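Note sheet for the following structure.
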Amino acid sequence: MRFSDWGDRALIEESAAIANRRPLEVRRQPWVRRLARSLVRAGITPNQISLASIGLAAAGAAAYGSSILTDGFLKGASLAVAAALIQLRLLANLLDGVMAMEEGQRTAAGPIYNELPDRAADSLFLVAAGYAGGWDALGWAAALLAAILAYVRQLGGSLGLQQDFCGPMAKQHRMAMLSAGSLAAAFFPNTPCLALALILIVAGSFITLWRRTRRMADALNLQPPPGAND
């Protein structure tokens with residue numbers, strides 16, 4: 001393969017990677033770029049940040065577990081810590097992408113580190129929240145639906161379509177809802193705030209699953225059938 005062919009292929013892959021990024025306005029904030037650049041200068045890689053998100057999720061699951069075993073102030077504090085760790089996990093998810101793309105730290109194995117830690121982090125937070133809210137089945141259902149939504153998104157990409165990040169319960173929406181439910185549960189311990197948040201996540205995930213599947217099918221139906229141009 002000629003050098004120019006390698007260059008063309010790299011440009012195509014980079015364009016595809018940019019097109020398949022989750023649309024986030026916060027990515028354009030100057031502080032995000034400064035923080036990402038500082039991490040790169042410190043010798044930290046995007047893949048390490050991606051793996052760190054699992055650690056944050058494990059700590060969040062432990063905080064939810066602590067809320068089950070404690071009462072009063074300690075219970076509320078544990079739920080507030082879980083909410084804070086959810087936001088730190090989202091920050092890690094944001095930074096690894098900025099470091100990889102804007103700071104030129106992409107690696108061939110990057111997509112693996114970008115996806116698999118996300119699935120683990122989703123499950124840790126959602127399942128633990130289900131137990132903390134007293135409705136473990138809701139947590140398992142939310143985690144299963146989160147994995148299915150990611151699969152449908154990736155399936156569209158494997159079929160040559162742009163990956164679909166539509167909601168109403170994409171990752172950032174799920175985590176925002178879970179954060180709100182955790183904080184509400186911390187301040188209103190006698191109300192089923194976590195269970196309500198998980199119900200909304202499950203219901204919204206079903207809607208999101210239907211939307212993504214329908215949009216993928218519609219996009220595929222617009223394409224000519226195989227062999228049509230032969």
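Of the listed peptides 77-86, 201-210, what is their order by residue-averaged count of other C-beta atoms within 10 Å, with the highest listed first?
Packing order, densest peptide first, comes out as 77-86, 201-210.
Around residue 162, with a cut-off of 11 angstrom between Cβ atoms, what is the net charge of the other residues, counting Lys and Arg +1 and Asp and Glu -1?
Combined, the nearby Lys, Arg, Asp and Glu give +2.
Using only Cα atoms, find the angle between the long axis of helix 136-158 and the longest principal axis of the chain, and express it within 0 to 90 degrees, rounded to the nearest 10.
10
Could you sort the peptides 40-52, 142-154 by per-residue average Cβ neighbour count (10 Å cutoff), highest mean leading?
Packing order, densest peptide first, comes out as 142-154, 40-52.
So how far apart, in nm, are the two label points at residue 35 and residue 210 if each is 7 Å from Cα heading toward Cβ?
3.6
Which whole-number percent of Cα pairs in the range 50-140 have a distance greater than 22 Å?
33
So, by mean Cβ neighbours within 10 angstrom, what's the order for 164-177, 26-39 with the highest one leading?
Output ranking for 164-177, 26-39: 164-177, 26-39.
Quote the FRET efficiency, to the nearest 0.05, computed for residue 161 versus residue 191 with a Förster distance R0 of 41 Å and r equal to the Cβ-Cβ distance.
0.45
Quick one: compute the contact order of the range 29-220, relative version, from alpha carbon pairs under 8 angstrom and 6+ residues apart, as a percent.
Averaging sequence separation for qualifying contacts and normalising by length gives 24 percent for the range 29-220.
Return one number: the angle in degrees, 0 to 90 and rounded to the nearest 10, between the long axis of the Cα atoms of helix 3-19 and the longest principal axis of the Cα atoms of the chain.
Roughly 30 degrees between the two axes.
Using only alpha carbon pairs under 8 Å that are at least six residues apart, calculate the relative contact order of the range 111-219 and give it in whole percent.
Once divided by the residue count of the range 111-219, the mean separation gives 31 percent.
What value, in deg cm²/dmol to 500, does the helix sum -39500 (n - 2.57) over DSSP H runs of n ≥ 4 give at 222 nm once divided by the residues of the chain?
-26500 deg cm²/dmol
For residue 22, what charge total do you get from the other residues with a beta carbon under 10 Å from its beta carbon, if Lys and Arg give +1 and Asp and Glu give -1?
Neighbourhood net charge equals +4.
Just so you know, all these numbers are worked out from the coordinates, no wet-lab data involved. Because the structure is predicted, anything quoted here is derived from the model rather than measured. Please note: Cβ atoms are built from the backbone with ideal geometry, for glycine as well, and neighbour counts cover all protein chains shown.
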